[in-house]
Amino acid sequence: MKFGIYYAYWEKEWGGDCVPYIKKCSKLGFDVLEVPCGDFHTKEESYFKELKNIAEAHGMLLSGGYGPRPEHNLASADTTLVENAFKFYGDVFKKMELAGIDRIGGALYSYWPVDFASGFDKKADTERSIKNMRTLADMAADHGITLCMESLNRFEGYMINEAYEDVDYVRAVDKPNVKSMLDTFHMNIEEDSLIDAIRLTKGTLGNFHVGEANRRCPNPNGRMDWKAIGDALKEIGYDGYVIMEPFVRMGGKVGQDVSIWRDLSKGATIEQLDQDAADSVKYLKDIFK
């Protein structure tokens, strides 16, 4: 397994320049940096070539993440909107390939965070999403990219909340580059058993996010049984990315979207955040391996 972290641990706004985080995360002990793909359309191709060169120079791998905006909702009944989403992803996939990013995860099947007040039809939305995901998968395959469907908790999404729904969706799409994606934060809310949920994704799991139940960095004093989680991943033969996705700082669009209404970092400086991340990845590597 390769261990990574999502750049937004340090940021309060989505997007921006991820180049400085490559060197930082390499020094902290990570193998992978997960970068945001939602603003790729605003950047020139030279930026992605630079990302790749710097990542290779520091021995780092890159993965992508995106919580689709409403205008990129593949489950929408608005065909014009879906076509615009395909155009957006077409540009993103091209730039991912330039950067050497071979996978992207998130609620790619819908949008995030969901506006529940606008209403939805889960059955019809899922059917449209599966159909459109087959098209998106073929587009991604042209660039060597795998699409990972993230199972979310009920407060952030409605289409895929549990591992069995994730697996059912992936099997319905039936494309080799469409995989399941689990996140311990969301699993802690929705699953009866985190271990059984992991076992259910044997053969379909393409990405795995980790964080404590309150979204802090994984640590030996939290409520998660990291030893059991690591053992379950090994049991199903998972050898992919394990990406930390901690959110501990209030403010900005990041804090708003992930509902951070208090300072979980307890006033930590950037240096303290760095140390927490370094301690966490060392702990995970030791206990998972």
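The values are calculated or read from the model by the stated rules, or taken from the named source; none is laboratory data. Keep in mind it's a predicted model, so treat the numbers as computed, not measured. Neighbour counts run over all protein chains shown; Cβ positions are idealised from the backbone, glycine included. Side chains are part of the model used for accessible areas, which takes the heavy atoms of the whole protein and leaves out ligands, DNA and RNA. Shrake-Rupley method; radii C 1.70, N 1.55, O 1.52, S 1.80 Å.
Using the structure shown, decide if L74 is among the hydrophobic types (A, V, I, L, M, F, W, C), closer than 19 Å to I145 by Cα and open to solvent by 60 Å² or more (accessible area, probe 1.4 Å). Before the answer, list the steps.
Values: among the hydrophobic types (A, V, I, L, M, F, W, C): yes; closer than 19 Å to I145 by Cα: yes; open to solvent by 60 Å² or more (accessible area, probe 1.4 Å): no.
Considered against the rule, which asks whether it is among the hydrophobic types (A, V, I, L, M, F, W, C), closer than 19 Å to I145 by Cα and open to solvent by 60 Å² or more (accessible area, probe 1.4 Å), L74 comes out as no.
Hey, any hits in the range 212-223 for a residue that's in contact with a Leu (Cβ under 9 Å, 6 or more places away or on another chain), modelled with pLDDT of 95 or more, open to solvent by less than 30 Å² (accessible area, probe 1.4 Å) and outside any loop (DSSP other than H, G, I, E, B)? Looking for residues that are in contact with a Leu (Cβ under 9 Å, 6 or more places away or on another chain), modelled with pLDDT of 95 or more, open to solvent by less than 30 Å² (accessible area, probe 1.4 Å) and outside any loop (DSSP other than H, G, I, E, B), one finds none in the range 212-223, hence no. Of the residues making up the range 240-255, one or more are open to solvent by less than 20 Å² (accessible area, probe 1.4 Å), over 20 Å from L28 (Cα atoms), in a helix (DSSP H, G or I) and not aliphatic (A, V, I, L, M). Listed by first and then second residue, the pairs with beta-carbon distance under 8 Å, at least 6 apart or on different chains, first residue in the range 117-143 and touching a residue at least 40 places away in the same chain (Cβ under 8 Å), second among the basic types (K, R) and open to solvent by 40 Å² or more (accessible area, probe 1.4 Å), are M133/K175; R134/K175; A137/K175; H143/K94. A count restricted to the range 256-286 and to residues that are part of a loop (DSSP other than H, G, I, E, B) and open to solvent by 20 Å² or more (accessible area, probe 1.4 Å) stands at 9. Inside the range 177-211, residues that are surrounded by fewer than 24 Cβ atoms within 10 Å (Cβ to Cβ), in contact with a Lys or Arg (Cβ under 9 Å, 6 or more places away or on another chain) and among the β-branched types (V, I, T) make up a count of 2. On the stretch given as the range 115-162, residues that are small (G, A, S), outside any helix (DSSP H, G or I) and open to solvent by 10 Å² or more (accessible area, probe 1.4 Å) total 2.
Can you tell me how many residues in the range 168-192 are part of a helix (DSSP H, G or I), closer than 24 Å to A85 by Cβ and not charged (D, E, K, R)?
Of the residues in the range 168-192, the ones part of a helix (DSSP H, G or I) are 168-173, 184-190.
Now drop any that are not closer than 24 Å to A85 by Cβ, which leaves 168-173, 186.
This time we only want the ones that are not charged (D, E, K, R), so: 169-170, 172-173, 186.
So the answer is 5.
Here D174 fits the description: modelled with pLDDT of 95 or more, closer than 18 Å to T135 by Cα and out of contact with any Lys or Arg (no Cβ under 6 Å at 6 or more places or on another chain).
Looking across the range 14-26 at every residue that is touching a residue at least 24 places away in the same chain (Cβ under 8 Å) and either among the β-branched types (V, I, T) or in a helix (DSSP H, G or I) (or both), the one that is most open to solvent (accessible area, probe 1.4 Å) is identified as K23.
Note on the range 78-107: residues that are open to solvent by 10 Å² or more (accessible area, probe 1.4 Å) and not in a helix (DSSP H, G or I) amount to 4.
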